[in-house]
Amino acid sequence: MSQSETPLEQAWEHYGGDPIPPHHGWVKVKCVIHDERRPSAAVNLETGKWRCYAGCGHGDVYDLIGLKEDDAREFPQQKRVAAEKFGDAPEGPPEPSALNPRPRTKTTKKAWKPSWI
């Protein structure tokens, strides 16, 4: 593992996944939670998120740690494991970079209002 890898990349490889190829957006990979022959998961290194379309789970590096480590079911333990095994994991959304020049911000939806009002 190189130092330039994100905590999600490091965790994915640590738990038995193939190296994640450089890409923009989502890329299909084999899930590290269950055994499979064909990729059923996707990883987005720009956002630091992953999702298994077979139903294993989804989330960030902490959610992956929570599914793989028996003693890390709660966030404080997940954060400790991330620091011990993968260095400091991100506190929040990723910083702007060449791969992710403008990180997405959470938008709020307008409340639905009937047309007759």
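Laboratory data are not the source of any read-out in this text; all were calculated from the coordinates shown. None of the values given here were measured: they were computed from a predicted structure. Cβ atoms come from the backbone with ideal geometry, glycine included; neighbour counts cover every protein chain shown.
Note on ASP18/LYS49: beta-carbon distance plugged into 1/(1 + (r/R0)^6) with R0 of 22 Å gives a FRET efficiency of 0.75.
Determine the relative contact order of segment 7-88: mean sequence separation of Cα pairs under 8 Å and six or more apart, normalised by residue count, in whole percent. Could the numbers behind the result be given before it?
Working: 119 pairs, mean separation 19.0, N = 82.
Contact order relative to length: 23 percent.
For the pair ALA111 and HIS34, the difference between a 0.36 nm per residue extended length and the Cα-Cα distance amounts to 23.8 nm.
When Lys and Arg each count +1 and Asp and Glu each count -1, what net charge do the other residues less than 10 Å away from LYS49, Cβ to Cβ, add up to? Spell out each step's value before the answer.
Numbers: positive: ARG51; negative: GLU46, ASP60, ASP63.
So the environment of LYS49 carries a net charge of -2.
For segment 40-79, the square roots a ≥ b ≥ c of the C-alpha gyration tensor eigenvalues yield an a/c of 1.5 or more together with a/b not exceeding b/c, which makes the shape oblate. On full extension, the segment bounded by GLU84 and GLU69 gains 4.1 nm, given 0.36 nm per residue less the C-alpha separation. Rounded if a/c is under 1.5, else prolate if a/b beats b/c, else oblate: with a ≥ b ≥ c from the C-alpha gyration tensor eigenvalues square-rooted, which is segment 1-90? Since a/c reaches 1.5 but b/c is at least a/b, the shape of segment 1-90 is classed as oblate.
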